[in-house]
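The values are calculated or read from the model by the stated rules, or taken from the named source; none is laboratory data. None of the values given here were measured: they were computed from a predicted structure. Using ideal geometry, Cβ is built from the backbone for each residue, glycine included, and neighbour counts are taken over all protein chains shown.
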Amino acid sequence: MTHHDNPTVDFNLDTFRNEAETKPFVVVHDGTPYSFTHLDELDGWKAAEAFAGGEAGADIEVIKLALGDDFAKFKSAKVLRRGPMQALVKRYLAHCGIDTGN
(Lines give C-alpha, C1' and ligand atoms only; values in the text may rest on other atoms or scores of the structure.)
Protein backbone atom coordinates (compact mmCIF):
# COMPACT_ATOMS: atom_id res chain seq x y z
CA MET A 1 0.00 0.00 0.00
CA THR A 2 1.31 3.45 -0.91
CA HIS A 3 0.75 6.78 0.79
CA HIS A 4 -1.73 7.67 -1.99
CA ASP A 5 -3.89 4.60 -1.27
CA ASN A 6 -4.58 5.66 2.30
CA PRO A 7 -3.48 9.27 2.76
CA THR A 8 -3.51 11.12 6.06
CA VAL A 9 -6.28 13.72 5.87
CA ASP A 10 -5.32 17.18 7.08
CA PHE A 11 -8.48 19.02 6.05
CA ASN A 12 -11.74 17.49 4.84
CA LEU A 13 -13.71 19.80 2.55
CA ASP A 14 -16.58 17.31 2.50
CA THR A 15 -17.30 17.89 6.19
CA PHE A 16 -16.31 21.58 6.51
CA ARG A 17 -19.04 23.85 7.85
CA ASN A 18 -18.55 27.60 7.94
CA GLU A 19 -19.66 28.85 11.34
CA ALA A 20 -19.51 32.53 10.44
CA GLU A 21 -22.76 34.43 9.97
CA THR A 22 -23.44 34.79 6.26
CA LYS A 23 -26.40 37.15 6.12
CA PRO A 24 -26.86 39.17 2.91
CA PHE A 25 -25.52 42.71 2.54
CA VAL A 26 -28.43 44.96 1.56
CA VAL A 27 -27.85 48.09 -0.51
CA VAL A 28 -30.30 50.71 -1.75
CA HIS A 29 -29.56 51.95 -5.27
CA ASP A 30 -31.91 54.33 -7.08
CA GLY A 31 -34.56 53.69 -4.42
CA THR A 32 -34.51 49.89 -4.77
CA PRO A 33 -33.04 47.52 -2.16
CA TYR A 34 -30.65 44.86 -3.47
CA SER A 35 -29.38 41.87 -1.49
CA PHE A 36 -25.76 40.96 -2.08
CA THR A 37 -25.13 37.29 -1.29
CA HIS A 38 -22.44 36.89 1.36
CA LEU A 39 -19.03 36.10 -0.14
CA ASP A 40 -18.87 32.82 1.81
CA GLU A 41 -22.03 31.65 0.02
CA LEU A 42 -20.63 32.28 -3.48
CA ASP A 43 -18.74 29.87 -5.70
CA GLY A 44 -15.19 30.05 -4.33
CA TRP A 45 -13.57 29.49 -7.73
CA LYS A 46 -15.54 32.32 -9.35
CA ALA A 47 -14.78 34.66 -6.45
CA ALA A 48 -11.07 33.88 -6.67
CA GLU A 49 -11.13 34.51 -10.42
CA ALA A 50 -12.90 37.84 -9.84
CA PHE A 51 -10.20 39.02 -7.44
CA ALA A 52 -7.47 37.95 -9.87
CA GLY A 53 -8.75 40.42 -12.47
CA GLY A 54 -7.25 43.58 -10.98
CA GLU A 55 -9.01 46.11 -8.76
CA ALA A 56 -11.52 47.60 -11.23
CA GLY A 57 -12.30 44.25 -12.82
CA ALA A 58 -12.60 42.61 -9.43
CA ASP A 59 -15.11 45.22 -8.23
CA ILE A 60 -17.41 44.54 -11.16
CA GLU A 61 -17.07 40.76 -11.00
CA VAL A 62 -17.69 40.67 -7.23
CA ILE A 63 -20.83 42.79 -7.67
CA LYS A 64 -22.01 40.48 -10.49
CA LEU A 65 -21.44 37.38 -8.39
CA ALA A 66 -23.04 38.79 -5.25
CA LEU A 67 -26.14 40.10 -7.04
CA GLY A 68 -26.63 37.15 -9.37
CA ASP A 69 -29.78 37.61 -11.46
CA ASP A 70 -30.34 41.15 -10.08
CA PHE A 71 -27.06 42.48 -11.54
CA ALA A 72 -28.58 43.68 -14.84
CA LYS A 73 -31.33 45.60 -13.02
CA PHE A 74 -28.80 47.07 -10.55
CA LYS A 75 -26.48 48.15 -13.38
CA SER A 76 -29.25 49.76 -15.43
CA ALA A 77 -30.88 51.61 -12.49
CA LYS A 78 -28.69 54.72 -12.69
CA VAL A 79 -25.06 55.64 -13.17
CA LEU A 80 -22.81 54.33 -10.41
CA ARG A 81 -19.65 56.42 -10.35
CA ARG A 82 -16.27 54.90 -9.49
CA GLY A 83 -16.06 56.42 -5.97
CA PRO A 84 -19.38 55.03 -4.75
CA MET A 85 -18.64 51.70 -6.46
CA GLN A 86 -15.33 51.42 -4.60
CA ALA A 87 -17.05 52.34 -1.32
CA LEU A 88 -19.77 49.75 -1.99
CA VAL A 89 -17.26 46.96 -2.63
CA LYS A 90 -15.14 47.97 0.38
CA ARG A 91 -18.18 47.90 2.69
CA TYR A 92 -19.44 44.63 1.18
CA LEU A 93 -16.05 42.97 1.72
CA ALA A 94 -15.88 44.32 5.28
CA HIS A 95 -19.38 42.89 5.88
CA CYS A 96 -17.99 39.55 4.67
CA GLY A 97 -15.02 39.76 7.06
CA ILE A 98 -12.41 40.65 4.43
CA ASP A 99 -9.82 43.24 5.48
CA THR A 100 -9.18 45.49 2.47
CA GLY A 101 -6.29 47.22 4.21
CA ASN A 102 -7.82 50.69 3.95
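Can you pull out the residues in the stretch 11-51 that are of a type in the set (D, E, K, R) and either modelled with pLDDT of 85 or more or under 20 Å from Lys75 (Cβ atoms) (or both)? I'd like the intermediate steps shown before the answer.
Of the stretch 11-51, the ones of a type in the set (D, E, K, R) are 14, 17, 19, 21, 23, 30, 40-41, 43, 46, 49.
Residues satisfying the conditions are Lys23, Asp30, Asp40, Glu41, Asp43, Lys46, Glu49.
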Inside the stretch 67-102, can you point out the residues that are in contact with a His (Cβ under 8 Å, 6 or more places away or on another chain) and within 12 Å of Val27 (Cβ to Cβ)? Phe74, Ala77, Leu80, His95
Output for the stretch 69-99, where each listed residue is free of Cβ contacts under 8 Å to residues at least 24 places away in the same chain and outside any helix (DSSP H, G or I): Val79, Arg81, Asp99
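Hey, does the stretch 34-54 have a residue that's part of a loop (DSSP other than H, G, I, E, B), surrounded by 12 or more Cβ atoms within 10 Å (Cβ to Cβ) and touching a His at 6+ places or on another chain (Cβ under 7 Å)?
No: zero hits.
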State whether the residues of the stretch 74-81 include one that is modelled with pLDDT under 90 and closer than 20 Å to Ile98 by Cβ. no
